[in-house]
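Before any comments, here is the structure.
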Amino acid sequence: MFEIRHVQPQDIFSVIKIAYESLPERYSPEVFNKFYELFSEGFLVAEKLHKIVGFIVGIKTSNGIARIPLLSVDKKFRKQGIGSALITQFLKEMSLQNIRQVELEVRINNDAAIKFYKKHGFDVTETVPRFYPTGEDACIMKRVLRSC
Ligand SMILES: CC(C)(COP(=O)(O)OP(=O)(O)OC[C@H]1O[C@@H](n2cnc3c(N)ncnc32)[C@H](O)[C@@H]1OP(=O)(O)O)[C@@H](O)C(=O)NCCC(=O)NCCS
């Protein structure tokens with residue numbers, strides 16, 4: 001079994017390790033500390049047997065909108081429902097924070113993530129050509145939590 005909980009400062013090293021192993025982007029450790037300082041309510045981790053096995057980072061933007069810049073599950077622990085548990089808890093937390101819409105972007109060829117987000121109620125609303133520094137296109141995905 002695993003537990004979903006808010007991140008603690010001592011988890012950040014494990015979070016960075018998972019991010020580096022599974023995401024193409026390289027964020028500096030300070031960026032993770034900043035996410036924690038700015039909106040710790042949107043920064044959740046999954047813990048299994050005292051090990052951090054996944055995380056989600058959300059940020060609040062203007063007008064009741066939140067974004068998910070990062071979500072990742074350790075490769076060895078994927079397809080076990082951990083990503084789903086993270087995003088489900090995250091969406092509950094965002095409702096409590098009066099967020100009305102959650103947005104994110106994902107690489108257009110990241111089929112696993114697009115299928116994952118669709119399963120959790122997100123729709124692709126547009127594609128942005130050459131969004132990433134590598135020249136890859138992005139899908140913008142959104143999920144409405146409440147209408148106004
Ligand atoms: C996307 C990601 C977070 C999913 O985490 P996970 O814990 O494996 O997801 P779950 O086990 O909760 O899967 C839920 C659903 O997502 C979809 N899904 C997950 N992985 C998939 C895959 N490799 N291929 C196709 N669909 C997939 C399926 O619909 C799955 O439901 P099912 O098991 O009933 O088929 C994980 O693959 C990951 O960390 N990917 C690398 C980082 C990334 O791409 N992040 C998102 C963009 S920032």
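No lab work stands behind these numbers, since they all come straight from the coordinates. What you see is a predicted model, and the numbers here were worked out from it, not measured in a lab. With ideal geometry, Cβ positions are generated from the backbone for all residues, glycine too; neighbour counts draw on all protein chains shown.
Results, tabulated for the structure shown:
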read-out: Paramagnetic reach from Glu25 (point 7 Å along Cα→Cβ, amide N under 17 Å) across region 89-121; value: 102-111, 113-114, 117
read-out: Local electrostatic count, Pro129, Cβ distance below 14 Å [Lys/Arg +1, Asp/Glu -1]; value: -2
read-out: Added length on full extension, which subtracts the Cα-Cα distance from 0.36 nm per residue, Glu3 to Thr127; value: 41.2 nm
read-out: Sites Gln10 and Ile65 - FRET efficiency at Förster radius 25 Å, r taken between beta-carbons, to 0.05; value: 0.25
read-out: Proximal lysines relative to Lys76, as straight alpha-carbon distance under 17 Å, when same-chain residues fewer than 8 apart are discounted; value: Lys17, Lys48, Lys51
read-out: Reciprocal mean inverse distance between Cα atoms of the chain - Kirkwood radius, Å; value: 15.6 Å
read-out: Residues whose placed amide H lies under 5 Å from that of Phe43, excluding near-sequence neighbours; value: Val7, Gly58
read-out: Those lysines that a straight Cα-Cα span of less than 18 Å connects to Lys119, excepting residues fewer than 8 apart in one chain; value: Lys79, Lys92, Lys142
read-out: Dipole of region 34-137, positive end: most advanced residue of His50, Ser84, Leu70 [Cβ charges, Cα centre]; value: His50
read-out: Between region 8-57 and region 69-148, the alpha-carbon center distance in angstrom; value: 16 Å
